[in-house]
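For reference, the structure discussed in these notes is given below.
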Amino acid sequence: MSQISADLAAARRVPQGAPWLWRLKRYQAISVVVVYGLLLAVCLAWSFAAPSAFAFATTGNLAVLSQQIPVTAIAAIGVGILMVTGEFDISIAGTFTLVAFIVAIPFSEAGWPLWLSMLAGFGTAVAIGVLNGLITAWLGIPSFIATIGMMFFLRGVIRFVSINPQTNLNDSRPFFPGETFEAVLTGHLFGPVYAQLVWLVVVAVIGYLILNRHQIGNHMFTTGGNRDAAIAVGVNVRRVKLIAFVICAVTAGFAGLLQATRINQIEPSFATVSGFELEAIAGVVVGGVSLYGGRGAILGMVLGAALIETVDNVLVLIGAPETIFKGLLGAIVIVAVILNNIVRRRG
Amino acid sequence: MVASAVDSALRYRRASWQSRVRSHPAGPVTILFVVMLAGCIVASLLLPEQFRFLLPGNLSLVLRQIPNLGLVALGVGILMIAGEFDLSVGSVFVAAPFATAVAYDAGVPFALAVLIAIAIAVVIGLINAGITLGFRIPSFITTLGMLFIVRTAAPYIVDLYGGRKSLPFRPPEGFKEVLTVDVFGFLPAQFIWFLLFAVLAYLLLNRHFLGNHFFAAGGDPKAAQFAGINVNRTKTVAFVLSSVFATISGIFTITRVAVAQTNPQLFIELYAVAICVIGGLSLFGGRGSVLGIVIGACVLQLVQDIILLAQLPGFYLDMFVGLMIVAGVVINQAIKRKY
């Protein structure tokens, strides 16, 4: 008995030395903080050394980054929370596009008030999330197959709703939601900072509160980390996964709305050719979230997505061909998963 | 003695044919296919003007298209039975045959040019297997990454060769003849080749020890390991087969259309997975049949043809594929639980 309590005490004891350093080392997003910090430092140094060749630290370029990062990062937060519960969502590019269409078409063509069409859009996102959750958790299908099915299905729906009555083709649609709305969602604040960045912070804080300060977050980590144990202690695993699927779909829809509002246009082909789902998964995996569930931090997801977008930006700046980004993305995903695995086995 | 043997043999009566159809992995899809085909034939007889299904031109078009995805699905299916996924086939299908076209255009002997494509496929399969099995990461992540890597790398390698995005491919007449001629004027040779490859796959899966190992490695890797099967080597062979089948399908395609392209966005990989799932293969490995893959490919192409003939909008195909993937897995699971 005393032996056991001594062991427990030993296990609880923080090792000698600075406790903050020990905690920092155990922090799940620490590697991406370091890597992204280094990347930024190199980019800034290079940009100051050769401003004409590498225009990274200009207001214009930073403004581009502050508009692009939030779209991916917000979707990545949803994908990351879902991945913590041990599931994937491959259908987010479809959700991203469809929600924007469902908001835009009734608003611009049927004269609905904006709040009503937004309700319809986010209602659609919730419905997609619930369906994904039901199919995965209740029917016991691996989520990446269930959501591939959903991806195909959404692709069909998008091709249906995006038909332009005038031309009878799947054209891109304009989206002009009005100045106030645009200012709130994507307005210019100061310097290179746009409103999207504020929205990213808002979503990240909400994500943090859900994942780390609410009971449901605890349940998510348990569900993804050890499903049987979660069931044994009375966690409703299916409900937790369903909620995570809904969160993922809603963040993807919100990201789609941000993008549509910024560029005032919705592109139906985004659902098929963007590789957005891979971008989000790559960001999340780079951010230290375990592919098997049970491990992850919001900051890691955000910084991982930021890292992916920064790499894209750097490639554009140095004039690399457009397509190389996706190949690099594939390599980044594989390497990040391998590294995560090694870290997990050590820790 | 003899009497008791007869007794015990009699006790194990053969299952009725109904329950055998139901418990066979390809049972449900076969029923679906027969019903759909019968429906098409009836509709075509009743409305010969509107629904021209039975015209020889339409039938040979369908038969010509089935092997495209069907051949890829054969490889993906064998790998799925061994318990892994391969999404990189979508790029291999495009990139490896393109290498053949480039090599042949540069004056390499034809047989060698084809071998180059096969060699590329083998290497990609080995890399997939190495990363997946060596680092123990899920194969769908490895091969998703590989899909994008190959897709990106291929055009750059082509850039070294004058940066052409597409290349005319004119193989020796005999080769094209053997691969794509219409037998009896309506039966495309591709379809016969597809059936031949399917028979080969059947022999491998059901009449060769390797097939046994595929089923064992996919069904219960630990038990397979204990039974002395080298699971990693078995899966590696399956990864290589998957790449090679995709390449063969790609070579058929560039021979038929006489042009090789690097344009990659065909989603072959997803359709191949869809065919396997529709065909009754278990996503978790260890269960499936070649018959299911062949009929799954036929069903997919039949639906595409129906949509075309009935002049329905194209998005129905996407929706159908999406629904069939989910429905297929649900039905497979239900059957597996029952038997």
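The values are calculated or read from the model by the stated rules, or taken from the named source; none is laboratory data. Keep in mind that what you see is a predicted model, and the values were worked out from it rather than measured. Cβ: placed from backbone, ideal geometry, glycine included. Neighbour counts: every protein chain shown.
Given the structure, is B:PRO172 of a type outside the set (Asp, Glu) and within 28 Å of A:ILE90 (Cα to Cα)?
Judged against the criteria, B:PRO172 is not a match.
Yes/no matrix, rows are residues, columns are (1) crowded, with 24+ Cβ neighbours inside 10 Å; (2) among the hydroxyl-bearing types (Ser, Thr, Tyr); (3) within 11 Å of chain B (Cβ to nearest Cβ); (4) outside any strand (DSSP E or B):
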| site | (1), (2), (3), (4) |
| --- | --- |
| A:TYR292 | no, yes, yes, yes |
| A:MET301 | yes, no, no, yes |
| A:GLU322 | no, no, yes, yes |
| A:PHE325 | no, no, yes, yes |
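Being more than 8 Å from chain B (Cβ to nearest Cβ) and surrounded by 21 or more Cβ atoms within 10 Å (Cβ to Cβ) is the filter here, so list the residues in the range A:132-154 that pass it.
A:ASN132, A:GLY133, A:THR136, A:ALA137, A:SER143, A:THR147
Can you tell me which residue among B:ALA297, B:ALA274, B:ALA260, B:ALA246 is more than 17 Å from the chain's Cα centre (by Cα) and either hydrophobic (A, V, I, L, M, F, W, C) or within 14 Å of chain A (Cβ to nearest Cβ) (or both)?
None of the other options fit; the residue is B:ALA260.
Looking at the range A:245-252, is at least one residue of a type in the set (Val, Ile, Thr), at pLDDT 95 or above and more than 12 Å from the chain's Cα centre (by Cα)?
Within the range A:245-252 (the criterion being of a type in the set (Val, Ile, Thr), at pLDDT 95 or above and more than 12 Å from the chain's Cα centre (by Cα)), the answer is yes, since at least one residue qualifies.
Quick check, is A:SER143 touching a strand residue (DSSP E or B) at 6+ places or on another chain (Cβ under 7 Å) and hydroxyl-bearing (Ser, Thr, Tyr)?
No; evaluated as a whole, the condition is false for this residue.
From the list B:LEU323, B:LEU312, B:LEU317, B:LEU308, pick out the single residue that is among the hydrophobic types (A, V, I, L, M, F, W, C), surrounded by fewer than 16 Cβ atoms within 10 Å (Cβ to Cβ) and within 8 Å of chain A (Cβ to nearest Cβ).
Being among the hydrophobic types (A, V, I, L, M, F, W, C), surrounded by fewer than 16 Cβ atoms within 10 Å (Cβ to Cβ) and within 8 Å of chain A (Cβ to nearest Cβ) holds for just one of B:LEU323, B:LEU312, B:LEU317, B:LEU308, which is B:LEU323.
Out of the residues in the range A:138-148 that are part of a helix (DSSP H, G or I) and β-branched (Val, Ile, Thr), state the one that is farthest from the chain's Cα centre (by Cα).
A:ILE145
Just to be sure I understand, how many residues within the range B:281-294 are under 13 Å from the mean Cα position of the chain (by Cα) and either surrounded by 23 or more Cβ atoms within 10 Å (Cβ to Cβ) or part of a loop (DSSP other than H, G, I, E, B) (or both)?
Within the range B:281-294, residues that are under 13 Å from the mean Cα position of the chain (by Cα) and either surrounded by 23 or more Cβ atoms within 10 Å (Cβ to Cβ) or part of a loop (DSSP other than H, G, I, E, B) (or both) number 7.
What number of residues within the range A:155-172 are buried (at least 20 other Cβ atoms within 10 Å of the Cβ) and more than 9 Å from chain B (Cβ to nearest Cβ)?
So the count comes out to 1.
Any idea how many residues of the range A:234-286 are outside any helix (DSSP H, G or I) and either out of contact with any helix residue (DSSP H, G or I) (no Cβ under 7 Å at 6 or more places or on another chain) or in contact (Cβ under 8 Å) with a residue 24 or more places away in the chain (or both)?
10
Taking B:ALA327 and the conditions (1) under 15 Å from the mean Cα position of the chain (by Cα); (2) over 20 Å from B:SER139 (Cβ atoms), which numbered condition does it fall short on, given that it satisfies the others?
(1)
Residue-by-condition table, conditions (1) part of a helix (DSSP H, G or I); (2) over 30 Å from B:VAL326 (Cα atoms); (3) out of contact with any Phe, Trp or Tyr (no Cβ under 9 Å at 6 or more places or on another chain):
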residue: A:LEU116; (1), (2), (3): yes, yes, no
residue: A:LEU119; (1), (2), (3): yes, no, yes
residue: A:ALA125; (1), (2), (3): yes, no, no
residue: A:VAL130; (1), (2), (3): yes, no, no
residue: A:THR136; (1), (2), (3): yes, no, no
residue: A:MET150; (1), (2), (3): yes, no, yes
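Quick grid of which residues meet (1) modelled with pLDDT under 90; (2) within 14 Å of chain A (Cβ to nearest Cβ):
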site: B:ILE157; (1), (2): yes, yes
site: B:LEU160; (1), (2): yes, yes
site: B:PRO172; (1), (2): yes, no
site: B:GLU177; (1), (2): yes, no
site: B:GLN190; (1), (2): yes, no
site: B:TRP193; (1), (2): no, no
site: B:LEU204; (1), (2): no, no
